[in-house]
Amino acid sequence: MTDVAQVFRILPEVILTITGVLIMLGEPLLAKNASRKPLGWLAVLGTLAALFASFWQLQLPAGTAYFGTVQTDAFSVFFHVLIAGIVLVTLLVTLDAAGRDAESLGELFALMCFGAVGMMLMSCATELLLVFVGLEISSISTYIMAAFRRKSAKGPESAIKYFLLGSFATAFFLYGIALIFGATGTTDIPQIAGLLSTSQVPVFGVIGMAMILIGIGFKVSAVPFQVWAPDVYEGAPSPVVGLMSTAPKAAAFAVLLRVLYTALPALHSHWQPLIWWMAALSMTFGNLGALRQQNIKRMLAYSSIAHAGYLLVAFTALSPDGIAAASFYAASYAVMNVGAFAVISHAGGMDDRLTLIQDYRGLAYRSPLLGGALAFFLISLIGIPFTGGFFGKFYVFASALHSGLVWLTIIGLVNSGIAVYYYLRPLVSVYSKPVHSDLLDGIPRVTVPLMFALLITIAGTLILGIVPGRVLALAKAGALTLQSTVSDTTTAVK
Amino acid sequence: MVPIAYYLVLSAILFSIGVAAFLIKRNIITVFMSIELMLNAVNLTFVAFAHQWHHVSGQIFVFFVMVVAAAEAAVGLAIIIAIFRTRSTLNVDQVDLMKL
């Protein structure tokens, strides 16, 4: 492949980088008090272009570029489209939530673009060096975004907790890479697979795998590495929480899938029990923790821990169906969670005026659209049929059952039952008779960007719940490319 | 010649000290320094393995780790300044508005 044509393999990343740089260049040119909304729309345009570029990559034959560091295949396209979609909705939500005070948002828009670049690189990297660089681009961008309300007391506190624990996790992730490099002499993911499957499993390889699991465990907030999630979600601005509870996690899960299934399938007898326990504990702890939360953002933080657990169930299945189910679940969780945070962001604004579940009492009477949308996303998070949440859970547990993981499936199903209770509380609150409240009166009118954001997320949830065929087909194609890379390299080495 | 195991043991000890300091120390700056210590322990491991395998990719990795650590430090110190401005303290026990 010629040098110029290689650029097409990272076209979405290039588009988003240019968009981010343009926003940073445009920011100082605007007058000090001028609204930054034009920059936001520029970011929306860039993200849309990246979304279409990702779809277009499906037409390329699957293959690598830049000395085998980047691989475009159905798997990478799946996560590229997902990440671009999440960032698109988040940008629209930010444009809406910032409404009146949009003067300081230039950096936020640029950071969202840069963060998306990092996450996209994570999902297409086949070299641990690039995985690390992508992970850090995405993490550092999200640290700054979490600190965005720097005048309030909670903003920096949430950011410092995220930053310290995130860097701590990165150090573990790096140590894991170093040990795997020590065990195999390479950091190239397909080559690692070949070297590990043909030789005795070295002890450095196993320790390295465990370290990588710790690092990624922090990033996806799986138990026992979940402590940061509720505090960070409470203090960060709501639109940013919608982004960081979904997109970086999806990218981290993509990395985990690639590392575990492409690089380390030879160690599966070591990592499968670890993931089993992480999944069981995350589901149980997340759901039990969510039961007693009064703050809706904290509740959704615990719910995101639980959903990370459901997703990890699919990892233990050790089958292409499991990989496809994990990808599908990442997409369905992202759509409904970003949607729920879109409503919360609009109601609370950038500075969280409505935080408690009881603050939402009577929302559906004040604004049937907002109340109905929130209720719909909560129903999908519960996993009622005809929503994306239902099919996500269905595929995950089906793949687990096919692989004979009966106990994990039972734990998961019991947990889904527990989850109904705490998702119903805001649902009941939204449809209760309204008490007169200044908080609800303060909710601004629904704007055009929010309409688009809700349209995309509601349509996405419905499509994943009623006609999931095409998305699932792409996820399955992605699962097969992950596994075929394995067989290719192992045969090449033999 | 010093055997490679010495370097690996040293970096494992450094990494453990970093982890312990991260968990024990109460000042945010010190906690942040312990993360830097962990990263440098990783760098030492990379260099040792790069020497063992006669492969430069480990050393190249170290450059990337250093660059990223610098970027992280810039962001981290900015956040720490923001904390100090709102709280006038850098003790992690007093940065506790939000509890589990």
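Remarks
- Filtered residues of the stretch A:396-417 (kept if closer than 26 Å to residue A:338 by Cα and open to solvent by 50 Å² or more (accessible area, probe 1.4 Å)): A:413, A:414
- Of residues in the stretch B:13-43 being under 19 Å from residue A:182 (Cα atoms) and more than 9 Å from chain A (Cβ to nearest Cβ), the one least open to solvent (accessible area, probe 1.4 Å): B:14
- Residues located in the stretch A:444-457, provided they are surrounded by 20 or more Cβ atoms within 10 Å (Cβ to Cβ) and not hydroxyl-bearing (Ser, Thr, Tyr): A:449, A:450, A:453, A:454
- Only residues that are buried (at least 16 other Cβ atoms within 10 Å of the Cβ) and touching a residue at least 40 places away in the same chain (Cβ under 8 Å) were counted across the stretch A:13-36, and they come to 11.
- When restricted to residues that are more than 9 Å from every other protein chain (Cβ to nearest Cβ) and either open to solvent by less than 20 Å² (accessible area, probe 1.4 Å) or among the small types (Gly, Ala, Ser) (or both), the stretch B:75-100 contains 1.
- Subset of the stretch A:418-432 (residues that are within 16 Å of residue A:300 (Cα to Cα) and either touching a Gly at 6+ places or on another chain (Cβ under 9 Å) or open to solvent by less than 20 Å² (accessible area, probe 1.4 Å) (or both)): A:419, A:420, A:422, A:423, A:426, A:429, A:430
- When residue B:79 is tested against (1) at pLDDT 90 or above; (2) among the aliphatic types (A, V, I, L, M); (3) closer than 30 Å to residue A:294 by Cα; (4) in contact with an Asp or Glu (Cβ under 7 Å, 6 or more places away or on another chain), exactly one condition is not met: (4).
- Test: residue in the stretch B:52-59 that is surrounded by 15 or more Cβ atoms within 10 Å (Cβ to Cβ) and more than 9 Å from chain A (Cβ to nearest Cβ): no
- Taking the stretch A:148-174 as the range and being facing chain B (nearest Cβ under 7 Å) and either more than 19 Å from residue A:221 (Cα to Cα) or open to solvent by 30 Å² or more (accessible area, probe 1.4 Å) (or both) as the test, the residues that pass are A:150, A:153, A:154, A:156.
- Within the option set A:201, A:206, being of a type in the set (A, V, I, L, M), open to solvent by 30 Å² or more (accessible area, probe 1.4 Å) and modelled with pLDDT under 90 holds for one residue only, A:201.
- So residue A:75, is it crowded, with 23+ Cβ neighbours inside 10 Å and under 29 Å from residue A:127 (Cβ atoms): yes
- Answer residue from the stretch A:205-231, given it is within 15 Å of the chain's Cα centre (by Cα) and in a helix (DSSP H, G or I) and is nearest to the other protein chains (Cβ to nearest Cβ) among those: A:229
- The set of residues in the stretch A:304-339 that are surrounded by fewer than 24 Cβ atoms within 10 Å (Cβ to Cβ) and among the small types (Gly, Ala, Ser) contains only A:319.
- Every residue from the stretch A:140-173 that is over 19 Å from residue A:107 (Cα atoms) and polar (S, T, N, Q): A:167, A:170
- Any hit, the stretch A:138-154, residues being farther than 18 Å from residue A:228 by Cα and modelled with pLDDT of 95 or more: no
The values are calculated or read from the model by the stated rules, or taken from the named source; none is laboratory data. Please read these numbers as outputs of a predicted model, since none were measured by experiment. Every residue, glycine among them, receives a Cβ derived from its backbone with ideal geometry; neighbour counts consider all protein chains shown. All accessible areas refer to the heavy atoms of the entire protein, side chains included, with ligands and DNA or RNA removed. Shrake-Rupley method; radii C 1.70, N 1.55, O 1.52, S 1.80 Å.
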